Amino acid sequence: MKPYALALSVIVAGGAVGGGCAKAGGAVGGDANQPADGPARIDGPPGGDAPPDRDAAVHDAPGPTPAHVLLSEVMLGPSAGEFIEIVNPTSAAVDLSTYFLADRNDYWKLPGGALAAQQADFIVKFPAGATIAARGVVTVAVGSASGFNATTAIMPTYSITDGTMAKASAISLIGSQPSLTDAGEIIVLFEWDGTGPLVKDVDLFVAGAPSAVNGPASKSQMAQGAGTYLVDVNTLPTQTAPAPGTSTKRLALEPTGSEHQNGNGNGITGDDETSENTALSWDGSGYTGPTPGGVPAALTP
Ligand SMILES: [Ca+2]
Ligand SMILES: [Ca+2]
Ligand SMILES: [Ca+2]
Ligand SMILES: [Ca+2]
């Protein structure tokens with residue numbers, strides 16, 4: 001129990017997660033001096049508030065274009081504090097009821113209907129009616145909401161253990177002991193309409209330095225039902241694993257040029273989400289305490 005108690009004290013001492021003071025879409029942590037509204041928008045005309053221009057991403061926009069929901073934070077331990085955070089950098093709310101989260105590399109087989117639960121892993125679906133507001137943030141705790149709150153002083157939006165995330169298929173694909181392995185995990189946010197033969201990647205991230213079984217696996221050009229996945233380059237880098245009580249955080253939108261965004265990928269906007277150089281967009285070292293529900297202003301332009 002002692003390492004766990006130490007991890008808790010680190011979180012509290014970090015002061016990054018004061019009870020109830022984290023503000024969705026607002027500045028947190030090292031961005032405390034930034035205005036809550038963030039910098040001027042970069043993807044619209046002056047005075048305009050047009051929805052993100054997906055074509056801009058396809059046609060090599062001059063800067064990052066926030067075209068889809070992104071993974072924004074992962075804490076691999078302690079167990080009660082494990083969570084995945086997502087952010088909507090766009091100017092429109094997104095319906096999450098066809099979105100899924102997984103920590104297993106065969107998620108793309110979900111439409112085939114042959115997956116079985118794995119003890120320590122999960123594929124879960126956001127519940128019917130779930131949405132993420134424009135420039136909003138949603139947190140999904142792996143453990144119970146009460147345990148997560150006791151660890152971080154913040155309530156998660158959803159809890160896998162509590163069952164507030166929905167089943168991914170007719171059978172549950174939540175293992176008997178779902179957890180994020182401290183050494184590292186592939187984290188996948190994906191979309192599936194429930195009928196087509198293929199899923200669409202929304203964002204992929206390798207947290208820490210996972211073992212092969214916990215890391216990425218290629219779906220490149222794999223046939224499934226009436227569909228075949230497009231080419232994945234599978235170049236997501238690994239990181240130094242964050243110590244329990246600290247989290248890894250996205251600091252920037254997908255940098256132009258660091259992710260293949262030519263419309264020929266398996267992503268929801270045609271990007272190849274297996275190609276983002278997350279060493280440029282995530283922290284990767286100097287990890288700090290968790291900020292569930294809050295993101296750097298750069299993620300909500
Ligand atoms: Ca863990
Ligand atoms: Ca992308
Ligand atoms: Ca990405
Ligand atoms: Ca956060």
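List of remarks:
- Checking every residue in the stretch 232-244 against the condition of being farther than 27 Å from ASP182 by Cα, β-branched (Val, Ile, Thr) and either away from ligand 4 (no atom under 16 Å from the Cβ) or touching a residue at least 40 places away in the same chain (Cβ under 8 Å) (or both) gives zero matches.
- Search result, residues across the stretch 174-214 that are more than 26 Å from GLN239 (Cβ to Cβ) and either crowded, with 21+ Cβ neighbours inside 10 Å or within 16 Å of ligand 2 (Cβ to nearest atom) (or both): LEU198
- Selected residue (criterion: farthest from ligand 2 (Cβ to nearest atom)) from residues of the stretch 245-288 that are among the polar types (S, T, N, Q) and part of a strand (DSSP E or B): THR288
- Matching residues in the stretch 245-301 - criterion: being away from ligand 4 (no atom under 12 Å from the Cβ), among the β-branched types (Val, Ile, Thr) and under 15 Å from the mean Cα position of the chain (by Cα): ILE268, THR274, THR278
- Scan of the stretch 152-185 for residues that are under 20 Å from LEU96 (Cβ atoms), touching a residue at least 40 places away in the same chain (Cβ under 8 Å) and in contact with a helix residue (DSSP H, G or I) (Cβ under 6 Å, 6 or more places away or on another chain), ordered by number: PRO156
- Test result for ALA166, surrounded by fewer than 18 Cβ atoms within 10 Å (Cβ to Cβ) and either at pLDDT 95 or above or under 18 Å from the mean Cα position of the chain (by Cα) (or both): yes
- Residue within the stretch 111-122 that is part of a loop (DSSP other than H, G, I, E, B), crowded, with 21+ Cβ neighbours inside 10 Å and out of contact with any helix residue (DSSP H, G or I) (no Cβ under 9 Å at 6 or more places or on another chain) present: no
- Applying the criterion of being acidic (Asp, Glu) and more than 21 Å from PHE148 (Cα to Cα) to the residues of the stretch 177-212, the residue that is nearest to ligand 3 (Cβ to nearest atom) is ASP203.
The values are calculated or read from the model by the stated rules, or taken from the named source; none is laboratory data. As the structure is a computational prediction, the values presented were derived from the model and not from experiment. Ideal geometry is used to build each Cβ from the backbone, glycine not excepted, and the neighbour counts take in all protein chains shown.
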